[in-house]
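Remarks on the structure that follows.
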Amino acid sequence: MSDKQTFVELFRDAAPYIHAHHDKRFVIQMGGEIIASNNFQHLIHDLALLHSLGIKLVLVFGVRPQIDALLKEKNITPQYCEALRVTDEASITSVKQAVGEAKIQIEALLSMGVQNSTMPRTDITVASGNYVTGRPYGVVNGIDFKLTGRVRSVEHDTINKRLDSNDIVLVTPLGYSSTGEIFNLSSIEVAAQVAIKIKADKLIMLSSVRELKDEADNIIRQLTCEQAKTLLEPGHYNVDETPATALAQGIKACEFGVERIHYVNNEVDGALLQELFTRDGIGTLLSSMPFDMVRQANANDIGGICELISPLEQEGILIKRTRETIEADIQDYKVLVRDGTVIACAALHNYADEHIMEIACMAVHPDYQNQSMGDKLYKYMEMLAVEKGAKELIALTTQTSHWFIEKGFAEIATESLPVKKKELYDYQRNSKVMLKQLN
Ligand SMILES: CC(C)(COP(=O)(O)OP(=O)(O)OC[C@H]1O[C@@H](n2cnc3c(N)ncnc32)[C@H](O)[C@@H]1OP(=O)(O)O)[C@@H](O)C(=O)NCCC(=O)NCCS
């Protein structure tokens, strides 16, 4: 494939996301290791690019390694309890210094705008301030966390006003109190609370370790809140402490209305862009609804179904169906949709007089084959057939008989087809008739 073709395809694939993200509010949390990484300048450039595409950004940063480095210079040993810093008077000076330096660094990089841009008005204004009020974390299990704090409240109206004025809002991990104290906060908690309070469309947590992995060390691509909670149960899954905190705060944000939480490993250059502008993303997506939803098809899905099955019809794998036939039978169709694209479909036709149902027009988009989607959809259709009282399930196939055999089907004679189906059987096509007894 030529570079030009690749570009055209990539641009076409990204276009719906550019459109969908416009004017949306994203809160992006960056761990301190991100600021210290070689990729940081690229990340800031990508953030400037998102801003130029009309995405409203709130950036929340952490500075844990920077604070540790400053304490080391002063020969102070950092104190942690359960992954949380105990911030005493000596350490708060280093906290303030690290936060100040990081803030200036981010503002300076953002001031460069979208580098080499020929676009007018790419100047970026950054707004930061006392948006977060803190309160003491307190004494927990006998340990006094001193100036380590929790989020007490967020000035969400002010943040939203800044966003509406086209500023990028920069939020530090410091919380101020009405009594003049300064608290050292977890940037993960700050980001989650800000996302909840400003009613953000997305919360994105970036780090070098933030992707979530299953027991076999594979990246978990999608999670519902319920699944995420089971990961946090003791002994269920060995999440180390930072991902566990990020996961717990992500669940909270999700339960309080932030629809999508993304965990992205920023070690990969351009990871944020891949996560936001490609269908499959690169990290882990936590959402309150299952991402892949098998659902009843409706008239709006007909175009997507036709697009999915037309190449299979041309290859002779599926029998040809007109748009009108699909429209007439649309109640029989179920679809699996990802970000608005039909990536799998199947129909269940009922021969009620004979207690037989037919599974038909079963297709999975080539990009998603061999990932158990076909299996998932098939099981769903079989469950529906059982629910509707079918005793037998049939399928007609020219090239997929073994797939059905593995699901418990066996080949039967054409004569055994339900009467109505037999009348329509295409003897030239000579499909195999497969049958499964349903218990
Ligand atoms: C058949 C189809 C629906 C399976 O969906 P899928 O999501 O890729 O399947 P799953 O991930 O659940 O299962 C994958 C397994 O099925 C096997 N498989 C896929 N197509 C097969 C076929 N035509 N014959 C036999 N086995 C097949 C794969 O080799 C894989 O086996 P493995 O796990 O042993 O390696 C999909 O391949 C498809 O859309 N094919 C084109 C349309 C079609 O044939 N539809 C059926 C019309 S009757």
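Nothing in this text is a laboratory measurement; each read-out follows from the coordinates by a stated rule. Only a predicted model underlies this, so the values are computations on that prediction, with no experimental measurement involved. Virtual Cβ from ideal backbone geometry, glycine too; neighbours counted across all protein chains shown.
To make sure I understand the rule: partners must be lysines, Cα under 19 Å from the Cα of K4, and not fewer than 8 residues away in the same chain. Which ones qualify? Leaving aside lysines fewer than 8 places away in the same chain, none come within reach of K4. Bridging of K407 to lysines at a Cα separation below 26 Å is possible for K320, K334, K376, K379, K388, K391, K420, K421, K422, K432, K436, once same-chain residues fewer than 8 apart are set aside. Across the chain, counting alpha-carbon atoms alone, Rg and Dmax equal 27.2, 88 Å. As a proxy for reagent exposure, ranking E255, E82 by other Cβ atoms within 10 Å from fewest up yields E82, E255.
If you average the C-alpha positions of segment 353-374 and of segment 270-338 separately, how far apart do those two centres end up, in angstrom? First find each Cα centre; the distance between them is then 12 Å. Summary of packing: across the peptides 278-288, 415-425, the per-residue average of other C-beta atoms within 10 Å ranks them, highest first, as 278-288, 415-425. On a 0 to 90 degree scale, rounded to 10, what angle separates helix 302-314 from the longest Cα axis of the chain? Once rounded, the angle reads 60 degrees. For the chain, the relative contact order comes to 12 percent (Cα pairs under 8 Å, sequence separation of at least 6). Couplings 3J(HN,Hα) of segment 216-221, computed from phi: 8, 6, 8, 5, 7, 7 Hz, in residue order, whole Hz [Karplus 6.51 cos²θ - 1.76 cosθ + 1.60, θ = phi - 60°; x for Gly and Pro]. Which pairs break 29 Å Cα to Cα here: K24/K103; K56/K146; K74/K161? Over 29 Å apart, Cα to Cα: K56/K146; K74/K161. Taking the Cα centre of segment 391-439 as reference, the dipole from Cβ charges on Lys and Arg (+1) and Asp and Glu (-1) amounts to some 120 debye.
Estimated from helices alone, the mean residue ellipticity of the chain at 222 nm is -11500 deg cm²/dmol (sum of -39500 (n - 2.57) over DSSP H runs with n ≥ 4, per residue). Of H402, H21, the sequence from fewest to most neighbouring Cβ atoms within 10 angstrom is H402, H21. Summary value for segment 307-439: 21 percent relative contact order, contacts being C-alpha pairs under 8 angstrom separated by 6+ residues.
Modelled label positions at D353 and E215, each set 7 Å beyond Cα in the direction of Cβ, lie 5.2 nm from each other.
Compared with the dominant Cα axis of the chain, that is its longest principal axis, helix 64-73 is turned about 30°.
Here the gap between N75 and M383, fully extended at 0.36 nm per residue and compared with their Cα-Cα distance, gives a gain of 104.3 nm.
Summing Cβ point charges (Lys, Arg +1; Asp, Glu -1) relative to the Cα centre of the chain gives a dipole of roughly 760 debye. By DSSP, the beta bridges lying fully in the chain are antiparallel in about 55 percent of cases.
On full extension, the segment bounded by T398 and V419 gains 5.5 nm, given 0.36 nm per residue less the C-alpha separation.
Given the peptides 383-396, 363-376, 178-191, arrange them by the average over their residues of other C-beta atoms within 10 Å, most packed first.
Going by the mean number of other Cβ atoms within 10 Å, highest first, we get 178-191, 383-396, 363-376.
Under conditions of 37 °C and 0.692 mPa s, segment 43-199 yields 198 µm² s⁻¹ as its translational diffusion coefficient, taking Rh as the Kirkwood radius over Cα pairs in the Stokes-Einstein equation.
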